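Data block below; observations after.
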Amino acid sequence: MLTKKQYELLLFINERLKETGVSPSFDEMKEALNLKSKSGIHRLITALEERGFIKRLAHRARALEVVKLPDTMASSMSAPSRAPTAANAPQNSSHSAHAANDDNAVTVSVMGRIAAGTPIEALQEEVNKISVPIEMMRSGDHYALEVHGDSMIDAGIFDGDTAVIQSGATAENGEIIVALVEGHEATLKRLRRKGEMIALEAANPAYETRIFRADQVRVQGRLVGLMRKY
């Protein structure tokens with residue numbers, strides 16, 4: 001799933017490569033998407049790269065290659081962009097956790113996908129349920145998200161894992177959290193507070209730490225466990 005801006009940038013890069021064989025500049029991308037700064041373009045490019053849609057070519061300036069295009073390109077532009085509130089996980093226990101058949105487990109709602117890296121739009125509706133060992137749970141409400149990406153692999157979080165999240169708006173420094181960034185995208189990262197700023201750290205040296213003002217990031221929950229299929 002791409003956000004509207006990610007889709008628009010991917011389409012613009014693809015069309016420019018078809019027309020000229022040369023990637024557009026950051027200034028051209030910024031103007032085409034009507035963004036105020038190049039940093040916004042940098043975030044979009046990083047998101048597209050991490051999700052496998054584009055690739056930067058080594059040792060060549062402005063060199064981007066479109067690796068793939070979304071299967072639903074036609075519909076994604078017409079669909080309105082909406083803020084993810086899986087990131088706003090269910091707020092009462094009748095939705096977030098139910099007793100499972102096993103006395104040692106509870107059933108938790110899976111609320112969509114989240115990137116272990118650059119933010120990915122999370123889903124609002126329940127897409128599945130999983131049975132979670134009761135010893136993994138903490139107090140309060142919980143929900144789950146399917147992990148997409150590899151930027152938290154050094155923390156033992158892999159693509160395809162299911163992250164079990166304790167709902168909440170606060171977290172301790174160093175905890176792995178679901179962060180809602182700039183009000184519309186969610187990411188799974190390690191929280192570091194640096195004065196009035198917040199750093200969202202990856203656990204993979206291939207990915208950079210991203211710094212935001214405190215008012216640009218909202219904690220949506222804390223990682224309490226992982227489920228993995230083999």
*How far is it, in nm, from the label point at E28 to the one at K55 when both lie 7 Å from their Cα along the line to the Cβ?*
2.2
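If R₀ is 35 angstrom, what is the calculated FRET efficiency for the pair S37 and I130, using the beta carbon separation as r and rounding to 0.05? Numbers along the way, then the final one.
On the way: r = 40 Å, r/R0 = 1.14.
After rounding to 0.05, the efficiency reads 0.30.
Which of the peptides 130-136, 48-54 is most tightly packed, and how do the rest follow, judged by the mean count of other Cβ atoms within 10 Å per residue? The partial results should precede the final answer.
Values: 130-136: 14.9, 48-54: 19.4.
Output ranking for 130-136, 48-54: 48-54, 130-136.
Could you calculate the contour length gain from T170 to A199, that is, 0.36 nm times the residue separation minus the distance between their Cα atoms, to one decimal place in nm? Present the calculation step by step, with values, prior to reporting the outcome.
Values: separation 29, 0.36 × 29 = 10.44 nm, distance 1.48 nm.
Value of the extension gain: 9.0 nm.
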*Convex hull volume per residue for region 120-203, taking Cα atoms only, in Å³*: 116
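On a full-extension model of 0.36 nm per residue, what is the gain between Q216 and R228, subtracting their alpha-carbon distance, rounded to one decimal in nm?
1.2 nm
State in Å² the accessible area per residue of region 106-230; use a 1.4 Å probe, count heavy atoms of protein chains only, and round to the nearest integer. Walk me through the numbers on the way to the answer.
Details: 5620 Å² over 125 residues.
With the other protein chains kept in place, region 106-230 gives 45 Å² per residue.
The values are calculated or read from the model by the stated rules, or taken from the named source; none is laboratory data. Nothing here was measured: the structure is a model prediction, and the numbers come from that model. Here Cβ is always computed from backbone atoms with ideal geometry, including for glycine, and neighbour counts include all displayed protein chains. Please note that ligands, DNA and RNA were not included when accessible areas were found on the heavy atoms of the full protein model with its side chains. Shrake-Rupley method; radii C 1.70, N 1.55, O 1.52, S 1.80 Å.
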